[in-house]
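K.L.:
Let me give you the structure first, and then I'll get to my questions.
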Amino acid sequence: MAMRLFWVGFVVVLFYGNWVDGFLEFNETELSYIETYAHDEASNFGSSKVYSNAVMVGLTLIQSAGAKGAVCLDGTLPGYHLHRGYGSGANSWLIQLEGGGWCNNIRTCVYRKKTRRGSSSYMEKHIPFTGILSNKAQENPDFFNWNRVKVRYCDGASFTGDSENKAAQLQFRGERIWLAAMEDLMSKGMRYSNQALLSGCSAGGLAAILHCDKFRNLFPRTTRVKCLSDAGLFLDAADVSGGRTLRNMYSGVVGLQGVKQNLPRICTNHLDPTSCFFPQNIIGQVKTPLFILNAAYDSWQIQSSLAPASADPHGYWHDCRLNHAKCSASQIGFLQGFRNQVLNAVRGFSMSRQNGLFINSCFAHCQTERQDTWFADDSPVVGNKAIAIAVGDWYFERAAVKDIDCPYPCDKSCHNLVFRSA
């Protein structure tokens with residue numbers, strides 16, 4: 001991947017591009033990589049001092065999954081990466097559900113099954129554990145010695161589908177993959193856990209919300225169980241043309257992959273299934289303590305939901321979509337309106353004492369697995385508190401965490417994402 005990573009204030013290292021002032025720069029065509037950027041960055045830029053010492057963790061295929069029909073889109077076995085905990089964390093488990101978008105029709109799912117997002121045949125055999133998955137106390141102060149797991153995403157419906165398309169040789173078995181992974185991990189010691197955290201980024205962040213109460217129910221009441229959704233607050237919002245780009249996509253995912261039966265009944269009892277795939281309609285009913293971490297100006301949503309090329313045929317939003325610094329005053333106004341929708345969506349949720357919230361005014365997406373955004377000398381802060389500290393304070397109940405940033409452009413600690421045209 002040709003990309004350039006910019007940091008605030010000083011030049012650091014040269015990879016395939018330049019490190020300069022303030023931003024992480026991608027090709028527009030590389031948007032799909034945002035969700036696993038920490039992973040990809042570490043793979044491609046091994047010279048980085050931040051990632052060169054990351055522990056590499058091997059892929060475990062779930063051998064029992066095949067008999068349960070718990071398979072990836074192409075019928076291969078699903079898998080996860082497990083790094084064992086030790087000491088005080090030996091009986092604590094952190095499960096990170098991988099992100100990577102969705103596939104909403106036969107064409108996109110057939111394409112996907114020839115990638116690591118649809119087949120374990122294409123998955124990396126080893127990946128670096130960084131950020132919330134790091135095994136170093138100086139990088140991950142509260143969870144470094146826990147059992148840490150990255151569950152790979154190969155179904156295309158946030159681990160919720162249960163259907164198939166025989167003609168296209170597609171298996172939509174996300175719900176079964178979820179169950180098979182949890183059963184396998186329980187057999188490997190997770191059932192003895194005295195504390196557990198289900199987390200996920202992007203499509204995995206949505207999955208963490210959808211599966212939160214199911215995860216809680218795996219454990220006895222004496223186990224402390226909570227959930228964290230990173231960049232999973234996808235809004236049912238109008239795009240720049242007044243259309244509903246993301247709702248149309250979600251409708252395809254839900255219909256194609258047989259998702260309805262696995263959505264929370266408390267939602268589907270009164271709303272249509274597509275609405276119940278949107279977290280704004282679910283988070284108020286989640287019984288388990290939940291932490292929502294989201295950028296107020298989520299890069300993925302700006303690119304793919306609010307201002308996609310399909311909703312902007314004349315290209316008025318092209319430059320703004322790629323780089324917020326090139327947005328006009330009216331475009332910034334539109335994005336401030338989106339931030340207001342984000343805050344409205346979490347208003348009721350945030351009133352519960354058990355829940356946590358960290359909404360920073362950044363142009364970002366997925367901040368837990370990247371070391372620079374999770375916990376570093378210059379990582380993003382709200383009220384002088386880094387994301388890792390905020391999550392830890394909430395999980396261990398050291399402090400209530402309901403952190404909402406002031407609107408753009410007030411936050412100078414952001415690691416904003418900027419895109420180049422392909």
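The values are calculated or read from the model by the stated rules, or taken from the named source; none is laboratory data. Quick caveat: nothing in here was measured; it's all calculated off a predicted structure. In this analysis, Cβ positions are derived from the backbone assuming ideal geometry, glycine residues included, and neighbour counts consider all displayed protein chains. Areas reflect the complete protein model, heavy atoms only, side chains present, ligands, DNA and RNA absent. Shrake-Rupley method; radii C 1.70, N 1.55, O 1.52, S 1.80 Å.
K.L.:
Report yes if some residue within region 290-304 is more than 28 Å from Ile389 (Cα to Cα) and either buried (at least 23 other Cβ atoms within 10 Å of the Cβ) or out of contact with any Pro (no Cβ under 6 Å at 6 or more places or on another chain) (or both); otherwise report no.
P.N.:
Within region 290-304, one or more residues are more than 28 Å from Ile389 (Cα to Cα) and either buried (at least 23 other Cβ atoms within 10 Å of the Cβ) or out of contact with any Pro (no Cβ under 6 Å at 6 or more places or on another chain) (or both).
K.L.:
Hey, another quick one. Looking for whichever is farther than 22 Å from Ile106 by Cβ and in contact with a Phe, Trp or Tyr (Cβ under 6 Å, 6 or more places away or on another chain) here; the options are Met182, Met190, Met186, Met123. Which one fits?
P.N.:
Answer to the check: Met190.
K.L.:
Here's a follow-up. List the pairs whose first member sits in region 207-228 and is among the aromatic types (Phe, Trp, Tyr), whose second member is surrounded by fewer than 24 Cβ atoms within 10 Å (Cβ to Cβ) and not in a loop (DSSP other than H, G, I, E, B), and whose Cβ atoms are under 7 Å apart, counting only residues at least 6 apart or on separate chains?
P.N.:
Sorted first by the residue in region 207-228, then by its partner, the pairs are Phe215/Val225; Phe219/Ala196; Phe219/Val225.
K.L.:
Can you find a residue in region 261-272 that is farther than 14 Å from Thr160 by Cβ, open to solvent by less than 10 Å² (accessible area, probe 1.4 Å) and not in a loop (DSSP other than H, G, I, E, B)?
P.N.:
no
K.L.:
Then there is this: State all residues of region 273-289 that are open to solvent by 30 Å² or more (accessible area, probe 1.4 Å) and farther than 19 Å from Asn344 by Cβ; if no residue qualifies, say none.
P.N.:
Pro273, Lys287
K.L.:
Would you say Ile177 is in contact with a helix residue (DSSP H, G or I) (Cβ under 6 Å, 6 or more places away or on another chain) and either within 16 Å of Ala65 (Cβ to Cβ) or β-branched (Val, Ile, Thr) (or both)?
P.N.:
It is false that Ile177 is in contact with a helix residue (DSSP H, G or I) (Cβ under 6 Å, 6 or more places away or on another chain) and either within 16 Å of Ala65 (Cβ to Cβ) or β-branched (Val, Ile, Thr) (or both).
K.L.:
Looking only at region 163-180, which residues are acidic (Asp, Glu) and within 28 Å of Leu133 (Cβ to Cβ)?
P.N.:
Glu175
K.L.:
Out of (1) over 22 Å from Asp142 (Cβ atoms); (2) modelled with pLDDT of 95 or more; (3) surrounded by fewer than 22 Cβ atoms within 10 Å (Cβ to Cβ), the odd one out for Asn416 is which?
P.N.:
With respect to (1) over 22 Å from Asp142 (Cβ atoms); (2) modelled with pLDDT of 95 or more; (3) surrounded by fewer than 22 Cβ atoms within 10 Å (Cβ to Cβ), Asn416 is out only on (3).
K.L.:
Restrict the check to region 381-401 and report whether at least one residue is part of a loop (DSSP other than H, G, I, E, B), among the small types (Gly, Ala, Ser) and closer than 30 Å to Val240 by Cβ.
P.N.:
no
K.L.:
A further question on this structure: In region 383-404, is there at least one residue being more than 25 Å from Ile209 (Cα to Cα), touching an Asp or Glu at 6+ places or on another chain (Cβ under 7 Å) and surrounded by fewer than 24 Cβ atoms within 10 Å (Cβ to Cβ)?
P.N.:
Yes, region 383-404 contains at least one residue that is more than 25 Å from Ile209 (Cα to Cα), touching an Asp or Glu at 6+ places or on another chain (Cβ under 7 Å) and surrounded by fewer than 24 Cβ atoms within 10 Å (Cβ to Cβ).
K.L.:
Okay, moving on. What number of residues in region 358-378 are among the β-branched types (Val, Ile, Thr) and surrounded by 24 or more Cβ atoms within 10 Å (Cβ to Cβ)?
P.N.:
Number of matching residues: 2.
K.L.:
Just name the residue that is nearest to Ile332 (Cα to Cα) out of those in region 224-241 that are among the small types (Gly, Ala, Ser) and buried (at least 24 other Cβ atoms within 10 Å of the Cβ).
P.N.:
Ala231
K.L.:
Now a separate question. Pick from region 312-356 the residues that are in a helix (DSSP H, G or I) and small (Gly, Ala, Ser): which of them is surrounded by the most Cβ atoms within 10 Å (Cβ to Cβ)?
P.N.:
Ala345
K.L.:
Could you identify the single residue in Ala364, Ala422 that is of a type in the set (Gly, Ala, Ser), modelled with pLDDT under 95 and part of a loop (DSSP other than H, G, I, E, B)?
P.N.:
Result of the check over Ala364, Ala422: Ala422.
K.L.:
Moving on. Sort out which residues of region 260-304 are small (Gly, Ala, Ser) and within 16 Å of the chain's Cα centre (by Cα), and write them in order of number.
P.N.:
Result: Ala295, Ala296, Ser299, Ser304.
For (1) surrounded by fewer than 21 Cβ atoms within 10 Å (Cβ to Cβ); (2) farther than 30 Å from Ala376 by Cβ, each residue gets a yes or a no:
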{"residue": "Asn104", "(1), (2)": "yes, yes"}
{"residue": "Arg112", "(1), (2)": "no, yes"}
{"residue": "Tyr122", "(1), (2)": "yes, yes"}
{"residue": "Pro128", "(1), (2)": "no, no"}
{"residue": "Ala137", "(1), (2)": "yes, no"}
{"residue": "Asn140", "(1), (2)": "no, no"}
{"residue": "Asn147", "(1), (2)": "no, no"}
{"residue": "Ala168", "(1), (2)": "yes, yes"}
{"residue": "Phe172", "(1), (2)": "no, yes"}
